[in-house]
Structure formats: C-alpha cells, structure tokens
1. Checking residue 58 against (1) under 11 Å from the mean Cα position of the chain (by Cα); (2) over 21 Å from residue 103 (Cβ atoms): exactly one of these is not met. Which one?
2. Taking residue 46, is it among the acidic types (Asp, Glu), assigned to a strand (DSSP E or B) and either touching a Lys or Arg at 6+ places or on another chain (Cβ under 6 Å) or under 15 Å from residue 99 (Cα atoms) (or both)?
3. For the structure I just gave you, tell me whether residue 45 is on the phi < 0 side of the Ramachandran plot and modelled with pLDDT of 95 or more.
4. Has segment 12-29 got at least one residue that is exposed (fewer than 14 other Cβ atoms within 10 Å of the Cβ), of a type in the set (S, T, N, Q) and not in a strand (DSSP E or B)?
Amino acid sequence: MIIHSNAEFVCGDWKEIIQQGPFQFIFADAAAAKTIDSEILAEILEVGGLLLMDDFTPEEYWPAEWRGKPDPVREFWLNHVRLTATEIYLTPRSSAILAVKNK
C-alpha cells in the first residue's frame, strides 16, 4: 500500500481489499473483475467515483469472426444502469472504458 496526502493506492488481489471500499477510483485490469464479477466491481465504486478499464479493441479492428456479434463485456459497462460510461481510444488499436457511478 502506498499513501500520499490526497490518495491511498492499494495494490493486490481486488477480492482481498473490497471490504475497504467504497472506492473513489478503480483501475480494473483483471479480466475476471471486468467479466465474471463485474457487478461486484460496480458495487464497490463510490457514487461519483471513476472506473477505468483498459485492454479493449475498437470494433473496426476486431477479427472477422467477431464482426457483427455483440461484445457482452463492453455492452455491460457502457449500458450499466448505475454508470455513465464512454469508450476512449488510447491508440488507434486499443481503447479503454471510463465510467462514473451516478447512483
């Protein structure tokens, strides 16, 4: 754990630290947090808190076998009833989702 005057950074297995929440900022890098346990992740975010998830591929760069099919992970986060979310490009071939918990 790293502590600064305005922030506390907690690193480690997210399931071991969720009891310390709710959190003002979450960077979710684990695939399971974005998919299997996604609702838990949304719950531990404070109202007004920011969630950042990277490692998304913009649709125009999807492989042929993915085209025309839904992306359930992207759709879950971009359409979550308690979040306002958007996808931003980090490079021409990678994107991230930024979400703010609104209720």
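1. Answer for residue 58: the failing condition is (1).
2. yes
3. Numbers: on the phi < 0 side of the Ramachandran plot: yes; modelled with pLDDT of 95 or more: no.
Against the criterion (on the phi < 0 side of the Ramachandran plot and modelled with pLDDT of 95 or more), residue 45 does not qualify.
4. yes
The values are calculated or read from the model by the stated rules, or taken from the named source; none is laboratory data. Quantities reported herein were computed from a predicted structural model and do not represent experimental measurements. Neighbour counts run over all protein chains shown; Cβ positions are idealised from the backbone, glycine included.
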